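So the structure is just underneath, and the comments pick up after that.
Here, each number is a calculation from the coordinates, and none is a lab measurement. What you are looking at is a predicted structure, and each value in this text was computed from that prediction instead of being measured. Note: ideal-geometry Cβ built from the backbone for every residue, glycine included; neighbour counts use all protein chains shown.
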Amino acid sequence: MISVDTPDETQEKAELAVWFGGASLAFWFCCPFWILVSFVALPLALVGLVRSFVEYRASKSGRANRTRAVVGGVSSLLGAAAAIAYMIFLAIHPDLPVQG
């Protein structure tokens, strides 16, 4: 764990929820192969959700930035929701990926 009196540089490196959440969302906009994106974005989003929960709990004692933890959690949640929604869409319409 990071102590309260650590420099800001160390704290910023430890706050990864925003990066995981942003990566899970960025894949949807950058890659046109959504069937592949959904299988990459979902684990990134789940790691981002767990990381944001850990960072949010650390923010209560002043060891992390609460705003970054919330933003990371929200972006991770959006990335996970998009991946799950696309997987449900593929389950309902199994013939679509084959048509390509």
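Each of Leu46 and Cys30 was given a label point 7 Å from its Cα along the Cα-to-Cβ line. The distance between the two points is 2.2 nm. Anisotropy class assigned to the stretch 31-99 is prolate, per the alpha carbon gyration tensor with a/c at or over the 1.5 cut-off and a/b larger than b/c. A dipole drawn for the stretch 31-99 from +1 and -1 charges on Cβ atoms has a positive end, and of Ala83, His93, Asn65 the residue lying farthest that way is Asn65.
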